[in-house]
1. Roughly how many Å² is the accessible area per residue of the stretch 151-210, as a whole number, for a 1.4 Å probe?
2. For a quick size check, give me the Cα extents of the stretch 39-135 along its three principal axes, largest first, whole Å.
3. For the chain, which whole-number percentage of the solvent-accessible area (1.4 Å probe, protein heavy atoms only) is attributable to carbon and sulfur atoms?
4. Can you tell me the relative contact order of the chain? Whole percent, Cα pairs under 8 Å, sequence separation 6 or more.
5. Treating only the Cα positions of the chain as identical point scatterers, give the base-10 log of I(q)/I(0) from the Debye formula at each q in 0.09, 0.17 Å⁻¹.
6. Quick one: go through the stretch 64-105 and flag any residue whose amide nitrogen is under 13 Å from the point 7 Å out along the Cα-to-Cβ line of Glu178.
7. Would you report the distance distribution of C-alpha pairs in the stretch 54-95 as whole percents per 10 angstrom bin, up to the bin with the largest distance?
8. Write down the accessible area per residue of the stretch 1-80 in Å², having rolled a 1.4 Å probe over the full set of protein chains.
Amino acid sequence: MERLTMDRLVQGHKRFLDEIFPGRQAQFHLLAEGQRPGVLFVTCADSRIVPDLILQTQPGDLFICRNAGNVIPRCGEPAGGVSATIEYAVEVLRVRHLIVCGHSDCGVIGALLAPESIKDLPSVRDWLQHVTPAWDYLDEVELNAGELTRHTALTHANVLVQLDNLKTHAYIRRATGEGRLQVHGWYYDILSGRIEKYDEGRRKFVPLAA
Ligand SMILES: [Zn+2]
């Protein structure tokens, strides 16, 4: 796969201005006045996840929070801007749905399986502490899922960790309790393009689009 160059970026922006923007001026006029996203999408920084492509959403639809491993820090844990972004989305923008979406071939899960690969990366090593509890969820995931690679099972488990971390925040418990916020755990498979959702009743991941 060819690496993106600055030239191609600039050309892309030029094409957007010349060919796309003129036909969508009304839409961008509305967007310029404010945003009213329905969904907060928390996913990995991985370049292969393009939410607007795989969900066919439009500018203004998704409020997106991305970081390595789709982490949601527990209440009181310092973790950059993640907590602030989520709090703002839920309390100010009043999104109706919060989706935590892990994915296949995730580098963070890879690091969890091979910690020596990141031994010279102190920031990544620190960050990994937010994902490490996935090991504790592994048994349950594997028990309910049947055949899964260890990587996939850990990725599923990590989504469950982050969903549990969400519940440590009082405003999340309040919003879900009042019925104005629904929380979802997803897994995106890059090769097949398919998304799975966590079914809380069956305690397993099932296809999102049956
Ligand atoms: Zn990832």
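1. Here the per-residue accessible area is 50 Å².
2. Per principal axis, max minus min of the Cα coordinates gives 40, 31, 21 Å.
3. Taking all protein chains in place, the chain shows 53 percent carbon and sulfur surface.
4. Over the chain, the number comes to 20 percent.
5. -0.40, -1.27
6. 90-96
7. Over the stretch 54-95, the share of Cα pairs per 10 Å bin runs 24, 49, 24, 3 percent.
8. It amounts to 70 Å² per residue over the stretch 1-80.
The values are calculated or read from the model by the stated rules, or taken from the named source; none is laboratory data. Because the structure is a prediction, the values reported are computed rather than measured. Backbone-built Cβ (ideal geometry, glycine too); neighbour counts: all protein chains shown. Just so you know, the surface numbers come from the protein's heavy atoms only, side chains and all, with ligands and any DNA or RNA stripped out. Shrake-Rupley method; radii C 1.70, N 1.55, O 1.52, S 1.80 Å.
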